[in-house]
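The values are calculated or read from the model by the stated rules, or taken from the named source; none is laboratory data. On a predicted model such as this, the values are computed, not experimentally measured, just so you know. Every residue, glycine among them, receives a Cβ derived from its backbone with ideal geometry; neighbour counts consider all protein chains shown. Please note that ligands, DNA and RNA were not included when accessible areas were found on the heavy atoms of the full protein model with its side chains. Shrake-Rupley method; radii C 1.70, N 1.55, O 1.52, S 1.80 Å.
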Amino acid sequence: KKQGLTWSMVFFITFSSIFREGVETVFMLLFVNSDPAGLAIGGIVGIVCGIVFGIMVLLVGRYFLVDISTFFHLTTIFILFIAAGLARYFIHEFEELGEVRAKTTNDPIILRPLYDLTASWGPGWSQNSGWGAIAKALVGYTHKPTMLEGLCWLGYWELIIMVMLLRYKRGTLFSKYVAGREESSSSVGSGDAKVM
């Protein structure tokens, strides 16, 4: 028992987290109309990648990182990029709802591309093949974003940067506690103990 946690509590938290993710995956795959062999191969590859990633996290944390917080800071940055891609994809789906009306009325905003990287830099920048398909799956990359997608992406990063600057100004960018306030509260507590 350490810090109020028992082994049974740790087991229950871990089991419930893994079970929940497994149930979500099963329900998602139930509605995917795909070749069962392809789903099995994808599932096996996913399991192997998960195991390899878990081992890598343990090895990196044990042998290469002095402080595990560095790992969490790096993964937080990666998750912020994933969320930016999800925000862009969210706008893309809403634009598809109005696709018929936008095309018939020649809408000046909806489904208007900002640029096309494949037209200017070649087909290697396509989101449908190679590294573009991987970037699309991970961070929502697209070679032909629309105006609304671009505005949403920029708005997302503006909000994230504002929150980070505010936390930096308060001294809580890497911790929820202000450094000076934490030290002063610990010294006040020790002073009270001496008086008693």
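Values computed for the structure shown
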read-out: From Pro123, Pro108, Pro113, residue being within 22 Å of Glu158 (Cα to Cα), of a type outside the set (A, V, I, L, M) and either at pLDDT below 85 or touching a Leu at 6+ places or on another chain (Cβ under 6 Å) (or both); value: Pro113
read-out: Meets criteria (within 26 Å of Ile18 (Cα to Cα) and either modelled with pLDDT under 85 or open to solvent by 60 Å² or more (accessible area, probe 1.4 Å) (or both)) for Pro36; value: yes
read-out: Residues being polar (S, T, N, Q) and open to solvent by 90 Å² or more (accessible area, probe 1.4 Å) - total across region 121-137; value: 1
read-out: Test: residue in region 75-87 that is open to solvent by 80 Å² or more (accessible area, probe 1.4 Å), modelled with pLDDT under 85, among the β-branched types (Val, Ile, Thr) and under 30 Å from Val57 (Cβ atoms); value: no
read-out: Leu86 closer than 22 Å to Gly140 by Cβ and either touching a strand residue (DSSP E or B) at 6+ places or on another chain (Cβ under 6 Å) or aliphatic (A, V, I, L, M) (or both); value: yes
read-out: Output for region 142-168, where each listed residue is surrounded by 12 or more Cβ atoms within 10 Å (Cβ to Cβ), closer than 20 Å to Thr76 by Cβ and either in contact with a Leu (Cβ under 7 Å, 6 or more places away or on another chain) or among the hydroxyl-bearing types (Ser, Thr, Tyr) (or both); value: Tyr156, Ile160, Met164, Arg167
read-out: Condition met for Phe71 (without any contact (Cβ under 8 Å) to a residue 60 or more places away in the chain, touching a helix residue (DSSP H, G or I) at 6+ places or on another chain (Cβ under 7 Å), part of a helix (DSSP H, G or I) and not aliphatic (A, V, I, L, M)); value: yes
